[in-house]
Amino acid sequence: MLLAIRVLFRERRSLHFHIGWWGFGFPTAAFATLTLEVGRLWAIAWLTPVVIALWIALLLLIVWLAYKTVRGAVDGSLWRR
């Protein structure tokens, strides 16, 4: 996950939105949720704030994806190859 974040941050200017980005958002949300559960089951207290920060970042990503999806559907760019 850290490698993916590093690549995305480095290449953010050259990456263009496409509907496949949702395939990154949903598995990452599942990963964050399961990490929180592991932290609870194993009583790792420091993991909770880390997961909360990850969830905030994920919510921002999902809002961005929703915005770009609606915008692309309205202007037609979502359907172009």
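What to note about this one:
- Average accessible area per residue (Å²) across the chain - probe 1.4 Å, nucleic acids and ligands excluded: 79
- Percent carbon-and-sulfur accessible area, the chain, ignoring ligands, DNA and RNA, probe 1.4 Å: 73
- Ile62-Trp79 pseudo-label distance in nm [points 7 Å out on the Cα-to-Cβ vector]: 2.8
- Assigned charges on the beta-carbon of Lys, Arg, Asp, Glu; the chain dipole about Cα centre (debye): 340
- Calculated from the structure at hand, log10 I(q)/I(0) by the Debye sum over Cα atoms at q = 0.12, 0.15, 0.16, 0.19 Å⁻¹ is found among (1) -0.49, -0.64, -0.69, -0.82; (2) -0.44, -0.63, -0.70, -0.89; (3) -0.28, -0.44, -0.50, -0.73 as (2).
- A Förster radius of 25 Å combined with the Cβ-Cβ distance from Thr69 to Arg6 puts the calculated FRET efficiency at roughly 0.50.
The values are calculated or read from the model by the stated rules, or taken from the named source; none is laboratory data. Owing to the predicted nature of the structure, the values given are computational and were not obtained by experimental measurement. Ideal geometry is used to build each Cβ from the backbone, glycine not excepted, and the neighbour counts take in all protein chains shown. Each accessible area value is taken on the protein alone, full model and side chains, heavy atoms only, with ligands, DNA and RNA left out. Shrake-Rupley method; radii C 1.70, N 1.55, O 1.52, S 1.80 Å.
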